[in-house]
Ligand code: ADE
């Protein structure tokens, strides 16, 4: 049942719906695993009648996830998980073509972003999809009376899971939350190949600069950093990696990258990309030692990786030189170019991860919601992973869709793998 106390939508321009629908259908052609789930959900209705609030980047790929949840019977309301990532045509199509309630406008200000979170909670969700944990944190801190309604939530990102772990430690996570990011078919593909490609796409669209021969500094060598460094190298850049974890740092060394602390890299880089999930990893002192014309951007979830307050304080002027690119002139005269206000460059300046990887991420999301509903009697409050067989199933379906065949274990192999007697 639709909750009538919640307004219908807040989007930029309903007339963009036809364009949005065409692009959603285009994305859907590269999301075959999600389509199979949608077809099954259509028949089985595993989410029938459940109120669902989805806080996500409102893209064509998310639209196909939302269609899947709607097919499963959910009463779905969608809000943006970032003020700059919304694709206004996808939002318009979701409202006008698919009859969903959407509250998302590209460039919305922070009060509007928070207003949309409140609207998502006014929907009285029984299920929550979150991307960064803002919705869950707001629910738990401001809407305690609604906690009892919640069957569970799912979390898309590394950053969101870090927050949920901290909440759980403080005994503040009162329902089961599925760590979708921890599925292998999510982080090994979305974070690595998705972030890798879309981050460079964002930088190229925003700057139109050649990357070949340039020093690109990648800060953070998690799955997102690995993908970003790999793709920057593919464009012919000289890649430098900064890391705080010795294991990840040695991995970067053996992957063939130069590794050094940020204070040294600052003076060498032409382009800087942060993907750490941490705060102020490029700080005031670093900006001061950068070359004139350095380009800096962030592809981590929140806009706090670059200390832009310090940069503004040390600057004598600032101006927009291209869309989503602001030039700060330091008191020394050097110019630093910041992309997308330090927000996710891949979703702000480009279109986020391509559909083919979101296919697996969002297959995990849909199956995680089904898992929460089916197992609600047994799941305890706290973080949960999807069972390993779900990864196997999603990977197999993806291989099938690509026409890739693989070997099967023979009975002899199976017997050997479960024995211990045979050795040298
Ligand atoms: N996160 C990264 N890329 C995305 C996309 N295309 N859609 C939704 N969420 C995303």
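The values are calculated or read from the model by the stated rules, or taken from the named source; none is laboratory data. Because the structure is a prediction, the values reported are computed rather than measured. Cβ sites come from the backbone with ideal geometry, for glycine too, and all protein chains shown count toward neighbours.
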>> Whether any residue in the range 266-277 is part of a helix (DSSP H, G or I), surrounded by 15 or more Cβ atoms within 10 Å (Cβ to Cβ) and assigned by TED's automatic domain parsing to the domain that holds residue 305 is what I want to check.
In response: no
> Does residue 366 qualify as being within 16 Å of the ligand (Cβ to nearest atom) and part of a loop (DSSP other than H, G, I, E, B)?
Replying inline: no
> Restricting the search to the range 99-131, which residues are assigned to a strand (DSSP E or B) and over 18 Å from the mean Cα position of the chain (by Cα)?
Replying inline: 101, 102, 103, 127
> Do you know which residues across the range 70-97 are more than 16 Å from the ligand (Cβ to nearest atom), under 16 Å from residue 59 (Cβ atoms) and assigned to a loop (DSSP other than H, G, I, E, B)?
Replying inline: 97
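A quick yes/no check of all residues on (1) closer than 30 Å to residue 33 by Cβ; (2) free of Cβ contacts under 8 Å to residues at least 24 places away in the same chain; (3) surrounded by 15 or more Cβ atoms within 10 Å (Cβ to Cβ):
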| residue | (1), (2), (3) |
| --- | --- |
| 334 | no, no, yes |
| 347 | yes, no, yes |
| 350 | yes, no, yes |
| 355 | yes, no, yes |
| 369 | yes, no, yes |
| 372 | yes, no, yes |
| 379 | yes, no, yes |
| 387 | yes, yes, no |
| 416 | no, yes, no |
>> Suppose we filter the range 143-166 for residues that are part of a helix (DSSP H, G or I), touching a residue at least 12 places away in the same chain (Cβ under 8 Å) and either touching a strand residue (DSSP E or B) at 6+ places or on another chain (Cβ under 7 Å) or farther than 28 Å from residue 353 by Cα (or both); how many remain?
In response: 7
> For the range 239-262, what are the residues that are farther than 21 Å from residue 280 by Cα and out of contact with any helix residue (DSSP H, G or I) (no Cβ under 9 Å at 6 or more places or on another chain)?
Replying inline: 247, 250, 253, 254
> From the list 228, 207, which one is modelled with pLDDT of 95 or more, crowded, with 24+ Cβ neighbours inside 10 Å and assigned by TED's automatic domain parsing to the domain that holds residue 244?
Replying inline: 228
> Quick one: what pairs do we get from the range 49-60, first residue closer than 13 Å to residue 139 by Cβ, second in a loop (DSSP other than H, G, I, E, B) and within 11 Å of the ligand (Cβ to nearest atom), C-beta under 9 Å, 6+ apart or different chains?
Replying inline: 55/81; 55/131; 55/132
>> Regarding the range 235-249, can at least one residue be identified that is within 13 Å of residue 196 (Cβ to Cβ) and under 24 Å from the mean Cα position of the chain (by Cα)?
In response: yes
>> Just the residues that are near the ligand (Cβ under 10 Å from one of its atoms), touching a helix residue (DSSP H, G or I) at 6+ places or on another chain (Cβ under 6 Å) and either under 20 Å from residue 168 (Cα atoms) or not in a loop (DSSP other than H, G, I, E, B) (or both), please, taken from the range 338-363.
In response: 346, 355, 357, 358, 361, 362
